[in-house]
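The values are calculated or read from the model by the stated rules, or taken from the named source; none is laboratory data. Keep in mind that what you see is a predicted model, and the values were worked out from it rather than measured. Using ideal geometry, Cβ is built from the backbone for each residue, glycine included, and neighbour counts are taken over all protein chains shown.
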Amino acid sequence: MSAVLEIRNLHVNINDSPILKGVNLVIKQGETHALMGPNGSGKSTLAYALTGHPSYEVTGGEVILDGENILEMEADERSRMGLFLAFQYPVAVPGVTVANFLRQAINSRMEAQYEGEDFKGISIPEFARLLRAKMDMLGIDHKFAGRYLNEGFSGGEKKRNEILQLATLEPRFAILDETDSGLDIDALRIVADGVNKLKNENLGTLIITHYKRMLDYLQPQFVHMMMGGRIVESGGPDLAQEIEDRGYEPYFAKHGVEITEE
Ligand SMILES: Nc1ncnc2c1ncn2[C@@H]1O[C@H](COP(=O)(O)OP(=O)(O)OP(=O)(O)O)[C@@H](O)[C@H]1O
Ligand SMILES: [Mg+2]
């Protein structure tokens, strides 16, 4: 049976001010969802709250996966449950290569599955084969594996690295917050192609984006609009087109949300 990630009435404060004010969203394995919305509406806050970032105080609601509330779990436990957040490791890690980082991540996931049995980890040749296969699939130069994680990565390389992590870790649910990056047309296509190649019945994704073009590539079945800390509209790709044509202004009035500029 396919798993479901269910966000129920999630409320999150930052520095005591309410940012998320009751988010409801259900993502099934195999589904692709897009999350759009004006600047400052709470999209990244949702992504960070799901990672368990300490600055994001959950004041209400729950997020259910396999019958458990993941909000009560540590960040690494969430990741072992098969939840992947693209900005979980945004900082540069000097001295740790892309390959080492991925191998460690795979090992910690596998170790959890072995639960106490003697576990030696994925062998180096086996891991090298796996990594090469994923890099070939995504058209990433093998040299990339030897670079220090995120150190001096360009915006596009960071995104590609995220997609490589996604491909290697094979999570059940992935949340990709793309908004902060100025990807050029080629990088956008590479990231979109990468996500498309990884789409399968075992992966549910939530793609946060401002780019209609991204959605043209990805063809999500579901498009949601966040405004004022809530999801106020949900539909199909036609919703993204409507936002492209009309902007957010008509929706501010419709949903009684004040326009706030960051
Ligand atoms: N550390 C913080 N301290 C205070 N306010 C914050 C902090 N982080 C976020 N906020 C506020 O929370 C609100 C939601 O921000 P968030 O980053 O979730 O928006 P977003 O929808 O991702 O916007 P964008 O499209 O610009 O990425 C904004 O008003 C923002 O100023
Ligand atoms: Mg954001």
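Things to note:
- Test: residue in region 222-230 that is surrounded by fewer than 21 Cβ atoms within 10 Å (Cβ to Cβ), in contact (Cβ under 8 Å) with a residue 12 or more places away in the chain and among the aliphatic types (A, V, I, L, M): no
- Of the residues making up region 68-100, those that are over 20 Å from Gly204 (Cβ atoms), at pLDDT 90 or above and under 20 Å from the mean Cα position of the chain (by Cα) are Glu72, Val98.
- Looking only at region 127-180, and only at residues there that are among the basic types (Lys, Arg) and closer than 27 Å to Glu6 by Cα, the one that is farthest from ligand 1 (Cβ to nearest atom): Arg172
- Test: residue in region 72-87 that is of a type in the set (A, V, I, L, M, F, W, C), in contact with an Asp or Glu (Cβ under 6 Å, 6 or more places away or on another chain) and within 30 Å of Arg213 (Cα to Cα): yes
- Leu188 being aliphatic (A, V, I, L, M), away from ligand 2 (no atom under 16 Å from the Cβ), under 20 Å from Thr209 (Cβ atoms) and touching a residue at least 40 places away in the same chain (Cβ under 8 Å): no
- Tabulated pairs, region 101-120, first under 26 Å from Asn161 (Cα atoms) and at pLDDT 80 or above, second hydroxyl-bearing (Ser, Thr, Tyr) and part of a helix (DSSP H, G or I), C-beta under 7 angstrom, 6+ apart or interchain: Leu102/Thr168; Ile106/Thr168
One line per residue, one yes/no per condition, for (1) under 24 Å from Lys158 (Cα atoms); (2) modelled with pLDDT under 95; (3) not β-branched (Val, Ile, Thr):
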position	(1), (2), (3)
Ile185	yes, yes, no
Gly194	yes, yes, yes
Arg213	yes, yes, yes
Gly229	no, no, yes
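- Residue ID - farthest from Leu85 (Cα to Cα), chosen from residues in region 240-251 that are touching a residue at least 40 places away in the same chain (Cβ under 8 Å) and in a helix (DSSP H, G or I): Ile243
- Test for Glu77: is it among the charged types (D, E, K, R) and outside any helix (DSSP H, G or I): no
- Region 81-108: number of residues that are in a helix (DSSP H, G or I) and surrounded by fewer than 18 Cβ atoms within 10 Å (Cβ to Cβ): 4
- Unmet criterion (only one of (1) under 29 Å from Glu249 (Cα atoms); (2) free of Cβ contacts under 8 Å to residues at least 60 places away in the same chain; (3) surrounded by 15 or more Cβ atoms within 10 Å (Cβ to Cβ)) for Asn9: (3)
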